[in-house]
2 protein chains.
Amino acid sequence: VSEPHAALPPSPVTPLAWQGGWRDGALALLDQTLLPREERMLRRRASAEVVTDIQRLAVRGAPLLGIAGAYALVLAWREALEAPAPTSEAEARFAAGARSLAHARPTAVNLPWAVASALARTRGLGGAERGEALLAHARALEAQERAACAAIARHGADLLGTRTRVLTHCNAGALVTPGLGTALAPLYLLHHRGAPVHVWVDETRPLLQGLRLTAYELGKAGVAHTVIADDVAPGLMRQGLVDAAIVGADRVCRNGDVVNKVGTYAVALACRAHDIPFYVAAPRTTFDAATARGADVPIEERRGDAARYLLAGTAPPGAPTFEPAFDVTPAALVTALVTEAGALDPLRLPSSIFGASRG
Amino acid sequence: VSEPHAALPPSPVTPLAWQGGWRDGALALLDQTLLPREERMLRRRASAEVVTDIQRLAVRGAPLLGIAGAYALVLAWREALEAPAPTSEAEARFAAGARSLAHARPTAVNLPWAVASALARTRGLGGAERGEALLAHARALEAQERAACAAIARHGADLLGTRTRVLTHCNAGALVTPGLGTALAPLYLLHHRGAPVHVWVDETRPLLQGLRLTAYELGKAGVAHTVIADDVAPGLMRQGLVDAAIVGADRVCRNGDVVNKVGTYAVALACRAHDIPFYVAAPRTTFDAATARGADVPIEERRGDAARYLLAGTAPPGAPTFEPAFDVTPAALVTALVTEAGALDPLRLPSSIFGASRG
């Protein structure tokens, strides 16, 4: 992952930035719950605030969750040292803060992995030394993910070639990475090279990340797009208006199963029925060697999400709902996994792609 | 269609009723745009009001559109006779009113068919005689559709048998017919017989007819149900939680293609991928001999519908959208068409099922 960045367009948005040193710094986060109405940067100096931001989806998306978790550990370590309690208890307080970060949301593997990896790499260090090391680790992870986006952009653009009418689901763009995104990165690059890119944007019920976030960042970047209700897509495919689909992932399992935003499986089925390539773009940090298959992944349920983005009074009071946030797409439906290491066959994943999760 | 109604449950809701005679009467319509918040009956004495009610979806659903159109013709004839203009022009004024009703919405065939059929059957009559005849024709159509619902309930219940965990899309229930509905009728009957019916209700973007209307009438009838975002369904099927799907139709073409609410095709594809029966319930009045195949049907686009049922500010200002209201499901994906004449193979439709459209 050391290709030149010269040919890449700038990222249309910066969702996260650490400002300052480990002792005085803060984590700036773009509050994604307010988009596209308002671009407000939050400035967090307490790790518990970041846990809440993760839970309320102010910061979201597998790669960004990992990076936010890594930076929030710097805050947690500082809190542990500064607490009005014996220094001998700092390690225990830090461990509690780390646990709370790692489990803030259950599905994306990047978050628990980033926390575990930071703990492992700084174990045995104390005081300022550990603060510096945690910050350096978070910065390295951020740089690694930015480089992964660049590599995914190039590999994905090669794979798409002249397939420029591309469907995407949810938001796997600049808003969820420090770079150009995962699924959207190849589209930004193709557009930058002058290709006639047009993106079909699934609105992505229930939380409308496509309508709110993907349309927002594609609009900022000047990439042509059209928002559709999710179940419009199969009809477009049947009419020959979709060349390929590309989505991100929250976790790729050892057998190649992909866990991603609910509705991804529906896109994969429709692509298969119409012989359209279905690509999943994800950095190495999203591959989880510890999970054998999709059925083993905890699927977050978020009761009330649907109502949050609908007019009050739309549903009969008390109508029962089932609101899983993710679903599983079996490996056999995935044409290729686009990673920083190139395009991989999901049914023949090399063990090296799971390198990140060995910490 | 003369089976006894004794074993049927009552309809949970009355969406339409003609009140009075042809000269003094009015068409009462339940305003479906206000559901489930408010149950308000509109009382219409002008045919143009009914055109508007149809266009703004206050009255909706293929069978009900036909019946509303037939009753509105009574209003149109009365207006033509009462206008302060030569009686010799009454016929021309009536014809203009009828055209405006027939074309109020383009996709459901029931509406233009009901209007054409009423015109053909009362041609040559004048004055009160035609008023009476138009009212009698509308009442006969209403009775015919009520009987069709009862027959569909029985045939559909036989077909479903012990498949009681059933998915539906949009609203094809009591709200769109003078009886128990089309797709929902078999479920009401099975529930009435004590079967453990549980309905997975697709919320049905963009206008949320499932969340707003199907959940409303199932709730009134006490039928267990759970509302899901549309693209949750394939995951449920993969987990073995769905025994069958049943939907209504806006038009069934000569080759068996089914035109119905957008998203229906996605349901059919997911059913096929999981080997789950996909049933379409529709009365004879929805079968259109004049349309060879789905690709020939005008698909209504309703720009702005999505925004109407979402919080203001959710989408980036000016985000381009594509909002078809319907899609086409090829006949080969339909396990059976459930009609008042029994369960039919969509690939071998008898010409007799197109009887209604011969006027």
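Where a number appears in this text, it was derived from the coordinates with a stated rule and is not lab data. Keep in mind the model is a prediction, meaning the values are calculated, not measured. Here Cβ is always computed from backbone atoms with ideal geometry, including for glycine, and neighbour counts include all displayed protein chains.
What is the angle, in °, between the Cα long axis of helix A:264-273 and the longest principal axis of the Cα atoms in chain A? Nearest 10 is fine, range 0 to 90. Here the helix axis deviates by roughly 30 degrees.
Could you grab the relative contact order for segment B:145-221? Cα pairs under 8 Å, six or more apart, rounded to a whole percent.
The normalised contact order for segment B:145-221 reaches 35 percent.
Shielding of peptide B:322-329 by partners, expressed as the average count of other chain Cβ atoms within 10 Å per residue Cβ, is 4.
GNM remark for chain B: springs join alpha carbons under 10 Å apart, and the peak mean-square fluctuation among B:Gly21, B:Gly97, B:Gly69 falls on B:Gly21.
First obtain the Kirkwood hydrodynamic radius of chain A from its Cα pairs, then insert it into the Stokes-Einstein equation at 37 °C and 0.692 mPa s, and state the resulting D in µm² per second as a whole number.
Working: Rh = 20.5 Å.
Taking Rh from Cα pairs, D becomes 160 µm²/s.
The Cα trace of segment B:217-273 gives Rg and Dmax of 13.2, 37 Å, the first to one decimal, the second as a whole number.
In this assembly of identical copies, the label point of A:Pro84 (Cα plus 7 Å along Cα-to-Cβ) is separated from its counterparts by 8.7 nm, sorted shortest first.
From its DSSP helices (H runs of at least four residues, each -39,500 (n - 2.57)), chain B gives a residue-normalised ellipticity at 222 nm of -11000 deg cm²/dmol.
Between copies, the label points of B:Arg123, set 7 Å from Cα on the Cα→Cβ line, lie 9.0 nm apart, reported in increasing order to one decimal in nanometres.
Normalised size of the protein assembly as shown, defined as Cα radius of gyration per 2.2 N^0.38 Å with N residues, equals 1.08.
Against the compact-protein benchmark of 2.2 N^0.38 Å, the Cα-based radius of gyration of segment B:89-210 scales to 1.36. GNM remark for chain A: springs join alpha carbons under 10 Å apart, and the peak mean-square fluctuation among A:Ala270, A:Ala292, A:Ala83 falls on A:Ala83.
Per residue of A:194-207, count partner chain C-beta atoms within 10 Å of its C-beta, then hand back the mean as an integer.
2
Can you pull a Stokes-Einstein diffusion coefficient for segment A:10-51 at 25 °C (0.890 mPa s), Rh from Kirkwood over Cα pairs, as a whole number of µm²/s?
In µm²/s, the coefficient is 218.
Assuming a ≥ b ≥ c are the square roots of the Cα gyration tensor eigenvalues, decide whether segment A:150-273 counts as rounded (a/c under 1.5), prolate (otherwise, with a/b larger than b/c) or oblate. Rounded shape, in that the Cα axes give a/c under 1.5. The distance between label points at A:Arg303 and A:Ala48 comes to 2.6 nm (points 7 Å beyond Cα on the Cα→Cβ vector). Placing a label point 7 Å from Cα along the Cα-to-Cβ direction at B:Ala136 gives distances to the equivalent points in the other copies of 9.6 nm, listed shortest first. For the peptides B:235-248, B:102-115, the ranking by packing is B:102-115, B:235-248, with the highest mean count of neighbouring Cβ atoms within 10 Å listed first.
Estimated at 0.36 nm per residue, the fully extended path between A:Ala128 and A:Met41 surpasses their Cα-Cα distance by 28.6 nm. A cut-off under 14 angstrom between Cβ atoms defines the neighbours of A:Glu300, and their net charge, with Lys, Arg +1 and Asp, Glu -1, is +2.
Extents of segment A:221-333, taken as max minus min of Cα coordinates on every principal axis and listed largest first, are 42, 38, 31 Å.
Show log10 I(q)/I(0) for segment B:170-219 at q = 0.17, 0.18 Å⁻¹, two decimals, from a solvent-free Debye sum over equal Cα scatterers. The Cα Debye sum returns log10 ratios of -0.46, -0.52.
Note on A:212-225: average number of Cβ atoms from other chains within 10 Å of each residue's Cβ is 2. Using the empirical formula 2.2 N^0.38 Å as the baseline, the Cα radius of gyration of segment B:40-80 reaches a ratio of 1.08.
When DSSP beta bridges are restricted to pairs lying wholly in the protein assembly as shown, around 50% turn out antiparallel. Of all beta bridges that DSSP places with both ends in chain A, some 50 percent have antiparallel geometry. Coordinate range of the alpha-carbon atoms in segment A:1-135 per principal axis, descending: 49, 36, 30 Å. Only beta bridges with both residues in segment B:191-350 are counted; by DSSP, about 45 percent of them are antiparallel.
Here the scattering of segment B:101-171 is modelled by Debye summation over its C-alpha atoms, one equal scatterer each and no solvent; at q = 0.17, 0.27 Å⁻¹ the log10 of I(q)/I(0) is -0.81, -1.19. Local charge for A:Ala76 was computed over the other residues whose Cβ lies under 12 Å away, with Lys and Arg +1 and Asp and Glu -1, and equals +2. Length gained on full extension, A:Asp275 to A:Thr33: 83.5 nm, using 0.36 nm per residue less the C-alpha separation.
Rounded to 0.05, the FRET efficiency of the B:Arg23 and A:Ala120 pair, given R0 = 56 Å and the Cβ-Cβ distance, is 0.05. When each of B:Lys261, A:Lys220 is scored by the number of other beta-carbon atoms lying within 10 Å, the sequence from fewest to most is A:Lys220, B:Lys261. Label-to-label distance for A:Ala83 and A:Ala140 is 2.7 nm, based on points extended 7 Å past Cα in the beta-carbon direction. Largest mean-square fluctuation among B:Thr14, B:Thr87, B:Thr33, in a Gaussian network model of chain B whose springs join Cα atoms under 10 Å apart, belongs to B:Thr87.
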